[in-house]
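The values are calculated or read from the model by the stated rules, or taken from the named source; none is laboratory data. As the structure is a computational prediction, the values presented were derived from the model and not from experiment. Reconstructed Cβ throughout: ideal geometry from the backbone, glycine too, with neighbour counts over all protein chains shown. The accessibility values were calculated without ligands, DNA or RNA, using every heavy atom of the protein model including side chains. Shrake-Rupley method; radii C 1.70, N 1.55, O 1.52, S 1.80 Å.
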Amino acid sequence: MDALETGERLSGRQLSVAAVVAGLSPAAAAAGRVEWAWLVLWTGASVSVSWLLLRFFAGRHIPRGRGRAALGTLFGLWGVLLAARGLARTASRLSQTAGEASKGWLLLLLCGVLVYLGWCGDGAFFRLTEILWLAMAVTVAFTAVFGLARTEWRHVLPVGGGWLPAGAAAAEIFAPALFLLPYIYKERTPVRGQSAVWLAALGGVAAVLSLVTVGLLGCAAGELSQPFFTAGGLLARNARLEGLLSALWLAPDLTFAGLLCRGFGGGKRAAVSTLVAGTLAFSGVAEKISLPVFAAGGAVLLVAALCLARRGEGE
Amino acid sequence: MKRVIAPMLALLLLTGCAAAREPDDLALVRVLGVDGTGPVVMTAVCGGEDGENALRGTAAGEDYAAARRSVPWSGKGWKLSLTGVNYLVVGRDVDLAALIFLALEDPELGASATVWRAPDGALSLLRACDDPTADLELLALEGVTAPTLAQAAAALSGGETLSMPALRAENGCVREDGRIGNR
C-alpha cells in the first residue's frame, strides 16, 4: 500500500466534512487579509475545477510504478510543508496570549495530539471530524450572525484589493480537499455533487468571515497579525470572545494539520510526518515559503496526477 | 470512543491554566493612560470600591513594549490586569497610530476599549482626579462619544479624520474640553 491509497472506505459526507473543517483553519487566517468578493469568485472557480477533476478521475487510476511513487512522495512532502505552516500559525496565535517563549512548548503539545490522531485508523479520524464539524457549525453561525449585525458596510464596499492574494488564500483553504484524493480513490459512490456543495459552503463561509473581519476593523484588518480573532472581540457588547474563538478554532487547526500529515499514509507514517512538520514549524522554514509557492505546488501535483492517470479501475 | 475522548482531553493542556492568575489577586484596570513614544509612561487606574480611593499604578519603559512588560504591576498587594480596560487615555507626544495598533495586538487589551485624549498629559490628568473611572463613565452616559480602538484603527488606516474627546482636570474631576482630531 503506498501513499495514494488507504485501507478504509469512507462515505462522501465524511470526506466532505473533513475538508470543510480543515479548510476553516486557513479561512480564519486569511479573513481580513484578502477581499471577500475575490474569495467568492475563487470559490466558484475552485469548486468547478474540483467537480471536473472528480469527473475526470472517475473510471481512471494512476498505475503503479515510478510515476505513482514520485507523485505520492511529492504529495506527502507538500502536505508536510503545508501542515508545518498551519502548525506555526496556530502556535504563533496561541503564544501571543501565553508568551513568546512558550511557542516551542505549544508546538510540542499540538504535535503530541496529532501523533495520537495519526495513529488512529482513518475511520476514527474522520468520525472525530464529524463531531468537530458540529461544534464549528455553531461557532461559525454565531460569528456570522453577530458579525454581520455589527458590520460597518462602508468598510466592506466598494471592493478593492488584488485577486492573486485571494487566489493563493483560496488554494490553501481548498488544499485539504486535495488530500482527500487517496480516500476518494477507494470511494465507489460518486461524490461529485455532494462535494461541490460542501466545498461551495466552505468558500462561502471563508468569504463571510473575511467580510465580517473587514466590516468590524476596516482597513486596519490588513495590518494586524490575527485580524479575525481581534475582530472576534467585537462580536458581543459586554463580553470578550476573542479568546474563546481562538480556542474553538483549534479544532479546524488540528484537523487541517492532521489531514495533511496523512499524505504519506496513516499510523506510523502520519506520526513521523507530524514530527517532521512540527520541526519545520519550530525552525520557521515553512513560514519563509510564500503562499503562492504552495498554491503553485498544488497545481503541479494536480497536473502530474492528470498526466499519469489512465483509464480503468486499477488494482 | 476513548480514542476520541483522549485527544479532546489532551486539548485541556492547551488552555494555559499553568499561567493563570486568581481573580481575587487581580485588580482590574479600567482606565489606562499613555504618555510619550520613547520613553513611554503608562498610568493605570482601577475603579475604587466602597469608598476606597482609586488604585493607581505607573510604569515606564523605553517603548510601549518595555512599559507593557512591567504589567502586571503590583499595587497594595494586588496585581493589575488590563483585561478590563474601558478607557484608553492618550496623553502627550504619543504616536497615535503606533499606539492604537500595539494596543489592538495586545492580548489583554480589548478592541472595544474607547480612546480619549488628554492634551496636558495622561499621567497628570489621572493623578489630579479622584475617580477618573466614574467621571469617564458619567461622560459616556451623558452622550460624549469616543471611538473604540477598532474604530480608531479603521479610521487611521483608511486615512479618515479621527475625532476624540479631549479631557482636562477640574476640581478633582475629569471634564470634557471639546474634541481633538488626529490631524
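Calculate the mean, over all residues of peptide B:103-116, of how many other protein chain Cβ atoms lie within 10 angstrom of the residue's Cβ.
The shielding value for this peptide is 4.
Can you classify region B:91-148 as rounded, prolate or oblate using the Cα gyration tensor, where a ≥ b ≥ c are the square roots of its eigenvalues, rounded means a/c under 1.5, and otherwise it's prolate if a/b beats b/c and oblate if not?
oblate
Take the Cα coordinates of region A:268-313, assign each an equal point scatterer, and use the Debye formula without solvent to give log10 I(q)/I(0) at q = 0.15, 0.28, 0.29 Å⁻¹.
Debye intensities relative to I(0), on a log10 scale: -0.62, -0.93, -0.94.
Quick one, what does Rg over Rh come out to for chain A if you take C-alpha atoms and the Kirkwood Rh?
Ratio of gyration radius to Kirkwood radius for chain A: 0.96.
Ignoring ligands and nucleic acids, what accessible area does A:T43 show with a 1.4 Å probe (Å², nearest 10)?
For A:T43, solvent-accessible area is about 10 Å².
FRET efficiency for A:L306 and B:E137, Cβ-Cβ distance as r, R0 = 56 Å, nearest 0.05?
0.30
Apply 1/(1 + (r/R0)^6) to the Cβ-Cβ distance of A:A137 and A:V272, taking R0 = 30 Å, and write down the FRET efficiency to the nearest 0.05.
0.35
For the pair A:W163/A:A296, report the inter-label distance in nm, with labels modelled 7 Å from Cα in the Cβ direction.
Between A:W163 and A:A296, the simple spin-label model gives 2.0 nm.
Summing both sides, how much accessible area is buried between A and B? Use a 1.4 Å probe and give Å² to the nearest 100.
For chain A against chain B, roughly 2200 Å² becomes buried.
For region B:58-183, give me the percentage of DSSP beta bridges that are antiparallel, rounded to the nearest 5 percent.
So the antiparallel bridges in region B:58-183 amount to around 65 percent.
With all distinct Cα pairs included, what does the Kirkwood hydrodynamic radius of region A:34-120 come out to in Å, to one decimal, could you say?
16.7
With r defined as the distance between the Cβ atoms of A:L108 and B:M8 and R0 fixed at 22 Å, what FRET efficiency is calculated, to the nearest 0.05?
Computed FRET efficiency for A:L108 and B:M8: 0.75.
Which whole-number value in Å² is the accessible area per residue of chain A, probe 1.4 Å?
Accessible area per residue: 41 Å².
Of A:A277, A:A18, A:A37, which has the largest mean-square fluctuation in a 10 Å C-alpha GNM of chain A?
A:A37
Along Cα→Cβ, 7 Å out, is where each label goes; now give me the distance between the ones at A:L52 and A:A196 in nm to one decimal.
1.3
Per-residue Cβ counts within 10 Å, from other chains only, averaged over B:151-158: what number is that?
Going residue by residue through B:151-158 and averaging, the value is 6.
What's the longest piece of chain A with no exposed trypsin sites (Lys or Arg not before Pro), counting a site as exposed if DSSP puts it in a loop and it has at most 15 other beta carbons within 10 Å?
A:65-185
Scanning chain A for helices, which whole DSSP H stretches are 18 Å or more long along the axis (Cα) and average 1.0 or more by Kyte-Doolittle?
Taking the DSSP H segments of chain A (at least 18 Å long, mean hydropathy at least 1.0), we get A:12-30, A:36-57, A:103-119, A:122-150, A:163-178, A:192-217, A:291-308.
In the full protein assembly as shown, how much of B:I180 is accessible to a 1.4 Å probe, in Å² to the nearest 10?
Surface accessible to solvent at B:I180 totals approximately 50 Å².
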